[in-house]
Amino acid sequence: MRSFRALDAPRRPRRRAVARRPGALTAAALAAAASLALSACSPSAGGSAAAAGRSAGGTLTVGFSVQAPATLDPAKAPQNYAWFEQLAYEPLIVQRSDGRLAPGLAQSWSYAGTGNTTFVMHLRPGVKFSDGSPLTAAGVVADLRYVVHSAGQMSPFLSGDTFTATGPLTVTIKAAAPNPDFPQILTQDDVVGGMISQPGLRAPARLGTRTFGAGPYMIDPSQTVAGDHYTYVPNPSYYDKAATHWKKVIIKVITDPQSMLNAVRTGQVQVANGDPTTIAAAKQAGLSVISEPDLWMGVTLADRGGVLARPLADVRVRQALNYATSRTAISRALFPGTGAPTSQATVPGGYGYDPALARAYPYDVAKARQLLAAAGYPHGFTLKIVTGEYGGMNLMAQALAQQWQKAGIRLQVTDYANSNQFYSAAFGAKFPAFMTVFGQIPVWVEGPSLFLPPASYNPFHTAAPALAALYGQESRSSAAQQPRLDQQIQAYLAGQAWFVPVVTIGLPYYATKAVAGATTSARAPLLELDEIRPAG
C-alpha cells in the first residue's frame, strides 16, 4: 500500500496547468473577462475579523494579472484562478510551497493494493464549513460527483470513477482506469480539491458569486466589486485559527504589467503576479522577485504523418529542425534573466526532467543539413507555422525563421492577434506546426493534454504504440517507479522530435517587505496565498 501523510518526502513537482493553451505565458489569453453580480448576503467583515484573533495582520492586498474570474465555483473555475478558490475552500490535501503534501480535510490517504485504481481518504473529524454545516464522507462524495457533472477543467481526470462513503469519515475512490495522481489532483492547486458544503451543492447557482468552503476565509460580497477586487474575511468556523494570518485579504485585478509593478512598488499591493518585462525594474525597486522554471516554449511539429507537410513525416527532418535551433541565442535575446535553453518538453525539476537531455540537440547547422539531405531534402523545404501574439511566441517564430533558413528551411509564419483564431488554427489541424507554451504537469495528465492521440496538442492524432505502452506502465506504477518511466517518456518525445523545445521560463511573483512566506521551489513553482503572513 502506498501512503501519503503529513509532511511526506517531497513528491514530484506540482501541476501547473491542465491542457494548457499556448497563451499560458500571458495569463490574460487564457481567461475570458466576466462581470459577476455578487450577492450582498454574505456575513459582514466585522464579526469575522474578530474571529481571526489578535495575531492576525491587517489587510493583505494581492495583485492578480489575469482578467476577472467568470465564476468562483471550484468545480468549474480554471486552474489559473486558484487563488480565488484556495482562500475559501480547504482542499482535501494541501500542497506546500516546498512541494510536500500535507493533510487538509483528509488526515491521511493511501492507494489500496496495486495498480493505482483504489484510493482511500480518512477525513478530519469535527470540521465545519463557513455556513456551519459539518464535513462528512457523504458530502465529499457529493462534491466529487458534482465536479464530474460540472465538466470543468479537471473533470476528465475523475470521469468514470466511483466515489463511495465507506464510513462516516472515510471516502473510497474506485478509478475507471489507473490514476497515479489522485493526491495531486485533490490539492488546492488543481482547485477541485477544495470541498464545497452540502448547502452550497444544493444551490449551485450561488457558487458562482459566493463561497461555501471550509477554508480560512470566505468572500464578503458587500466589500467586493466584480471585475475589480474580491474581498475575503476570516471564516469563524475554520478549524485552525492560527493559520488565519490576516483580518482581510483583497485580490485586486490589475492586467497591465506596468500598473501592477507600480501598485507593488508603492505598497498598494503587497504580493502580485509579475511579468517578464518588469522583472529588472522590480529588482531595482527592492522588491522580492520569486520565480521557478514552470513553462517551456517552442514548436509543436504536429503533422508527423505528413498530411500537410510531407517532410515532417520523417523523424530525421524533425531532428534537423531541432539541430537548426540556437536555443542559447533566443534565450538571451528574447528572455534575458528569465529564460534558459532546453531540448526537452519539461523544465528543470519537472516531471521526467533528465539532465542528460538538456542538450540533446546542440546547435549544429551542418548536422541539420546532413539529416535533411539523408531524408531527401538536400535543398530544404518550405514549412508553414502559426503563432499567437502573446508571451513572445510570435517573436520566437521570427527568430526561428532566421535560424532555420541557414539549414534551408523556409518558414512561413502566420501571426494571429486574436487568440481564438490561433487556437482554432493550431488545434484544428490547419497548420503542420504551431508555436507552443506548455506548463509542467504530471506525465499521467500530460498524456491526454500533449501527446496521446486525443490530445489538443496532437491535432493530427499521431499514435505511437511504444509511447502508449510507456504511458500505460507509468499510470500503473508506484511512486518510486514513476520518475524513471517519466524520463523514458520524455526521452521518447525528444528522440522522435515531436517538438522543438527552445526555452524554459519561470513566471515571476513580486512581494514587498511587509510580508513573509512568499516562496516557491523547483518542486512547487506556484505561490501559495495561505502561507503568506505579516513580516516580523
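Ligands, DNA and RNA left out, the accessible area of the chain computed with a 1.4 Å probe is 53% carbon and sulfur.
Hydrodynamic estimate: the Kirkwood radius of the range 411-536 over Cα pairs, inserted into Stokes-Einstein at 25 °C and 0.890 mPa s, corresponds to D of 140 µm²/s. Remark: the chain carries 35 Å² of accessible area per residue (probe radius 1.4 Å; ligands, DNA and RNA excluded). Lysines near Lys430 by alpha-carbon distance under 29 Å, same-chain residues fewer than 8 away left out - which ones? The reachable lysines, counting only those whose Cα sits under 29 Å from Lys430, are Lys384, Lys406. Remark on the range 60-99: ratio of C-alpha radius of gyration to 2.2 N^0.38 Å is 1.25.
Within straight-line reach of Lys76, meaning a Cα separation under 24 Å, sit the following lysines at least 8 residues removed in sequence or on another chain: Lys128, Lys174, Lys252. Listed by chain and number, the aspartates and glutamates whose alpha-carbon sits under 19 Å from that of Lys247, ignoring those within fewer than 8 places in the same chain, are Glu85, Glu90, Asp131, Asp220, Glu528, Asp530, Glu531.
Rounded to the nearest 10 square angstrom, Arg369 shows an accessible area of 110 square angstrom against a 1.4 Å probe.
Could you run the Debye sum over the Cα atoms of the range 146-293, one equal point scatterer each and no solvent, and tell me log10 of I(q)/I(0) at q = 0.09 Å⁻¹, two decimals? These q points yield log10 I(q)/I(0) values of -0.43. Our analysis of the range 124-170 gives Rg over Rh at 1.03, with the two radii drawn from alpha carbon positions and Rh computed by the Kirkwood formula. One way to sum up the overall shape of the range 296-373 is the equivalent ellipsoid from its Cα gyration tensor, whose semi-axes run 23, 15, 12 Å, largest first.
With the cut-off at 1.5 for a/c, could you classify the range 467-536 from its C-alpha gyration tensor as rounded, prolate or oblate?
Details: a/c = 5.07, a/b = 2.10, b/c = 2.41.
Oblate shape, in that a/c is at least 1.5 and b/c is the bigger or equal ratio.
Over the C-alpha trace of the range 350-395, radius of gyration and Dmax come out as 15.4, 38 angstrom. Every Cα-Cα pair in the range 217-362 was counted, and those over 23 Å apart are 60% of them. Kirkwood radius for the chain, taken over all pairs of different Cα atoms as the inverse mean of 1/r, rounds to 23.9 Å. Residues whose amide H comes within less than 5 Å of that of Tyr351, counting only those at least five positions distant or on another chain, are Ile441 (H built at 1.01 Å from N in the peptide plane). A straight chain from Leu308 to Gln258 at 0.36 nm per residue would run longer than the Cα-Cα distance by 13.8 nm.
If the Kirkwood radius is taken over C-alpha pairs of the range 123-229, then at 20 °C and 1.002 mPa s the Stokes-Einstein diffusion coefficient equals 144 µm²/s. Each label was represented as a point 7 Å from its Cα along the Cα-to-Cβ direction; for Gln370 and Lys241 these points are 7.2 nm apart.
With only Cα atoms counted, the range 349-491 has Rg and Dmax values of 17.2, 49 Å.
How high is the FRET efficiency from Arg410 to Ala333, r the C-beta distance, R0 30 Å, rounded to 0.05? All intermediate terms of the calculation are to be shown ahead of the outcome.
Numbers: r = 21 Å, r/R0 = 0.71.
For Arg410 and Ala333, the calculated efficiency is 0.90.
Using C-alpha positions alone, give me the convex hull volume of the range 429-472 per residue in cubic angstrom. Intermediate values should be presented prior to the final figure.
Values: hull volume 3.2 nm³, N = 44.
In the range 429-472, the Cα convex hull volume per residue is 72 Å³.
Note on Thr164 and Ala280: their simple-model spin labels are 6.2 nm apart, each label 7 Å out from Cα toward Cβ.
The values are calculated or read from the model by the stated rules, or taken from the named source; none is laboratory data. Quick caveat, the model's predicted, so the values are computed rather than measured. Here the Cβ is made from the backbone with ideal geometry for all residues, glycine too, and neighbour counts use every protein chain on show. Calculation scope for accessible area: heavy atoms of the full protein, side chains included, ligands and nucleic acids excluded. Shrake-Rupley method; radii C 1.70, N 1.55, O 1.52, S 1.80 Å.
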